[in-house]
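Presented below is the structure to which this report refers.
The values are calculated or read from the model by the stated rules, or taken from the named source; none is laboratory data. What you are looking at is a predicted structure, and each value in this text was computed from that prediction instead of being measured. Every residue, glycine among them, receives a Cβ derived from its backbone with ideal geometry; neighbour counts consider all protein chains shown.
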Amino acid sequence: MTVFFPWQFMFKSMTYLPGTLLHALKNRDLTTLFSWSKLQAAWFGRFWAWAGPQVRQGAEVTVVPLLEGRITNGSVIPPSDRSTAVHPGISGAVLEIGPGSGMWVSIFSDKYQSSSADSSHDQQGKPGHRGRVTRVYGVEPNPAVHPLLRQQIAKADLQDVYEVVPVGIEDLASSGRVAPQSVDCIVSVLCLCSIPDPERNIKELYNYLKPGGRWYVYEHVKRERSNSWAVALYQAFVNLFWPHIIGGCELQRETGKWLKEAGSWSNIDLVSPKGEPWFMTLPHVVGVLTK
Ligand SMILES: C[S@@+](CC[C@H](N)C(=O)[O-])C[C@H]1O[C@@H](n2cnc3c(N)ncnc32)[C@H](O)[C@@H]1O
């Protein structure tokens, strides 16, 4: 990922705007034409149908091991060394935040076989192994991505397991669909950059985890000036444009800090991925927090 990546990504997103406007015009969809938030959501839905698979291609080397409990201290534990893993993989009831077009849905299926051919889906995830996922709540407010999300659910044969909750996490409590302290795992992949009032809503989400529950995180975050002031400045400049063009995604969020401060954790293993270049405009945090 070069320093030019954000501009290339924004340019690609811009190419989806005329089609979104034309579609709304053709359908006389005045609410989309005259509401910036609705237009942005429809535009993002079209763009993410293209971008989602590209992002998955780059991120699956991290996200698949993360969800199998094979990432510790930012390093991926190879499948042959699973016995050294400390975190169980996902299992039980899972809350997936902002699943978008469902790029990670297949991983929740018992039929999913990673390249490492992990087929032991115990009820409880063992360290380094995914457990049996019994329920997934996909909290996704953008209706423009729901058709693709539902396609992925059907493709993974998860219609009886995966429930789309069509609200933002800020409205999850009033939806009554998920009880507090009821989920075994939260999965957030590249989505806390897009939610409103992140510090408060991350705290709200913490309350959905059972004691002992785990939060699996792969998010891009604010570049700290102490790492490289030039890259931090560059990120701040890119962020003047980025959220308007990439569906409200913010580059300058202290998501790692807010997650650590969301509540009391028995274990926090959340750091930058090992080997991530210092000049990345979108630096990440990866890991598992255990309640
Ligand atoms: C950058 S996309 C990532 C989608 C998906 N996680 C992936 O990796 O392909 C961010 C997602 O967060 C969703 N989102 C935005 N606001 C949200 C909110 N308030 N609650 C939950 N999800 C939200 C967006 O609709 C979008 O689908």
I'd like the residue in the range 135-158 that is within 8 Å of the ligand (Cβ to nearest atom) and aliphatic (A, V, I, L, M) and, out of all such residues, is farthest from residue 289 (Cα to Cα). 145
Filtering the range 99-122 down to residues that are among the polar types (S, T, N, Q) and at pLDDT 90 or above, which residue is nearest to the chain's Cα centre (by Cα)? 101
Only residues that are free of Cβ contacts under 8 Å to residues at least 60 places away in the same chain and crowded, with 24+ Cβ neighbours inside 10 Å: list them for the range 72-98, please. 89
Taking the range 21-80 as the region of interest, how many residues are closer than 27 Å to residue 287 by Cβ and either small (Gly, Ala, Ser) or touching a Leu at 6+ places or on another chain (Cβ under 6 Å) (or both)? 8
Failed item in (1) away from the ligand (no atom under 16 Å from the Cβ); (2) within 24 Å of residue 183 (Cα to Cα); (3) touching a residue at least 40 places away in the same chain (Cβ under 8 Å), with residue 3 passing the rest: (2)
Out of the residues in the range 159-201 that are acidic (Asp, Glu) and within 12 Å of the ligand (Cβ to nearest atom), which is nearest to residue 255 (Cα to Cα)? 197
Identify the residue in the range 38-57 that is free of Cβ contacts under 8 Å to residues at least 12 places away in the same chain and within 12 Å of the ligand (Cβ to nearest atom) and, among all such residues, is surrounded by the most Cβ atoms within 10 Å (Cβ to Cβ). 54
Could you check, for the range 16-26, whether at least one of its residues is within 13 Å of the ligand (Cβ to nearest atom), under 30 Å from residue 216 (Cβ atoms) and buried (at least 18 other Cβ atoms within 10 Å of the Cβ)? no
Flag if residue 125 is outside any strand (DSSP E or B), touching a Gly at 6+ places or on another chain (Cβ under 7 Å), at pLDDT below 95 and buried (at least 19 other Cβ atoms within 10 Å of the Cβ): yes
Do we find a residue being crowded, with 19+ Cβ neighbours inside 10 Å, closer than 19 Å to residue 260 by Cα, more than 15 Å from the ligand (Cβ to nearest atom) and touching a residue at least 60 places away in the same chain (Cβ under 8 Å) anywhere in the range 223-238? yes
Buried (at least 22 other Cβ atoms within 10 Å of the Cβ), closer than 21 Å to residue 273 by Cα and either within 11 Å of the ligand (Cβ to nearest atom) or not β-branched (Val, Ile, Thr) (or both): does that describe residue 216? yes
